[in-house]
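A short write-up of the structure that comes next.
The values are calculated or read from the model by the stated rules, or taken from the named source; none is laboratory data. It should be emphasised that the depicted structure is a prediction, and the values quoted were computed from it without experimental measurement. So basically every Cβ, Gly included, is an ideal-geometry build from the backbone, and we count neighbours across all protein chains shown.
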Amino acid sequence: MSTFVQTASPSGRLRRRVGGMYALLTAFNVGAWIWTYIAFAGDPLLLSTGVLAWGFGLRHAVDADHIAAIDNVTRKLMQDGQRPVCVGFFFALGHSAVVLLVAAGVAVAAVALQNRVEAWRDVGGIISTSISATFLFLIAAMNIFILRGVWRAFNKVRRGLPYNNDDLDILLNNRGFLARLFRPMFRLVSHPLWMLPLGFLFGLGFDTATEVSLLALSASQAAHGVSIGVVLVFPALFAAGMTLVDTTDGILMLGAYEWAFVRPIRKLYYNLTITLVSVVVAMLIGGIETLGMFQNKYALTGGFWDVIGELNENFNNLGFVIIGVFILSWLVSFVIYRAKGYDELGVAESAS
């Protein structure tokens, strides 16, 4: 009996910590939406634009650098004997601080230049869309390379062949430019709280500036005159969505590496799924942005182009698209995993 208590107790504490973390995330997200509803006085257009901001947070959380940073630190802390559940949470908070500061600066600049913005709107729209789509496609291309490697390792397991776990870790560590740049700092992280300043450093990357530009554009279009009080709602929703996914990512990685001692297939399948989701979302949003830019520039019409034009004119609808892709991807992934019986596959790791 005493052995059972000693074994079950750590698991019970871990479940309570995970439950407490999701209670905090729920309060954060609900609080952000309550603030949004009050600030926008229930305006349906502004509320739907808020969904876009929240969706951007969800999307940004599956960027290669986010996945790599959380993956590296979670694995490092587990090797140190810890069972961290808030690695992604602190990383997202630090990252969101940059979004909040830049969004506030954008709001101040927008108010100061309100009478001069009109002449630059078309040019600015093309520039911001081009930069955003380019980065999204680069993220997708990077993750396609990673996806190919993970898929090869996964197929080895399905055929009953051994795979080298160290080779997989090296492959996963190559995700994201900033993750490779700051990789030496991962070794200095001895507690999840240190992910806060690390997330802030990651937030200084240009891709985050692209997200802020899109949020600022949505805010100015919806509000017809930006005020700081209104604009700050959008980074708050962005942060709420990003912390939800980044925290979940860290907890799932914790579970994947815990399971890997018994079922290494789970680690492979998890990384396969999260990388595929990143590719699909980045290609989808980048493609819609690029096609919308061409549709607008050349006044293209027809069934397909009308849908693209509608998505870009009512850009807040993309928030619903992002959320739908997330939910559908994970549901399909779970069903396939269970239906194929992958959990029963034996995994032999090569000695080399």
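Worth pointing out:
- Members of the stretch 144-164 found to be farther than 29 Å from Met283 by Cα, of a type outside the set (Ser, Thr, Tyr) and touching a residue at least 24 places away in the same chain (Cβ under 8 Å), listed by number: Gly160, Leu161, Pro162, Asn164
- Checking Thr301 against (1) closer than 25 Å to Phe56 by Cβ; (2) modelled with pLDDT of 80 or more, the condition it does not meet: (1)
- Summed over the stretch 46-64, residues that are among the charged types (D, E, K, R) and at pLDDT 80 or above total 0.
- Residue within the stretch 65-88 that is buried (at least 23 other Cβ atoms within 10 Å of the Cβ) and modelled with pLDDT under 70 present: no
Residue-by-condition table, conditions (1) over 14 Å from the mean Cα position of the chain (by Cα); (2) crowded, with 18+ Cβ neighbours inside 10 Å:
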{"site": "Ala240", "(1), (2)": "no, yes"}
{"site": "Pro264", "(1), (2)": "yes, yes"}
{"site": "Thr275", "(1), (2)": "no, yes"}
{"site": "Val279", "(1), (2)": "no, yes"}
{"site": "Ala282", "(1), (2)": "no, yes"}
{"site": "Tyr298", "(1), (2)": "yes, no"}
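- Hits in the stretch 47-79 - residues which are within 25 Å of Val231 (Cα to Cα) and either outside any helix (DSSP H, G or I) or of a type in the set (D, E, K, R) (or both): Arg59, Ala61, Val62, Asp63
- The lone exception for Val307 - which of (1) β-branched (Val, Ile, Thr); (2) modelled with pLDDT of 80 or more; (3) surrounded by 18 or more Cβ atoms within 10 Å (Cβ to Cβ) it fails: (3)
- Any hit, the stretch 137-159, residues being modelled with pLDDT under 65 and either polar (S, T, N, Q) or part of a helix (DSSP H, G or I) (or both): no
- Criterion violated by Asn312 - all others in (1) in a helix (DSSP H, G or I); (2) modelled with pLDDT of 75 or more; (3) over 13 Å from the mean Cα position of the chain (by Cα) satisfied: (2)
- Of note, Leu276 satisfies the criterion of being closer than 20 Å to Gly88 by Cα, modelled with pLDDT of 75 or more and part of a helix (DSSP H, G or I).
- Among the residues of the stretch 95-124, those that are surrounded by fewer than 20 Cβ atoms within 10 Å (Cβ to Cβ) and either within 19 Å of the chain's Cα centre (by Cα) or at pLDDT 75 or above (or both) comprise Ala97, Leu100, Leu101.
Per-residue answers, yes or no, for (1) small (Gly, Ala, Ser); (2) in a helix (DSSP H, G or I); (3) on the phi < 0 side of the Ramachandran plot; (4) at pLDDT 80 or above:
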{"site": "Met242", "(1), (2), (3), (4)": "no, yes, yes, yes"}
{"site": "Leu254", "(1), (2), (3), (4)": "no, yes, yes, yes"}
{"site": "Gly292", "(1), (2), (3), (4)": "yes, yes, yes, yes"}
{"site": "Val325", "(1), (2), (3), (4)": "no, yes, yes, no"}
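- All of (1) at pLDDT 55 or above; (2) crowded, with 18+ Cβ neighbours inside 10 Å; (3) outside any helix (DSSP H, G or I) hold for Val226 with one exception: (1).
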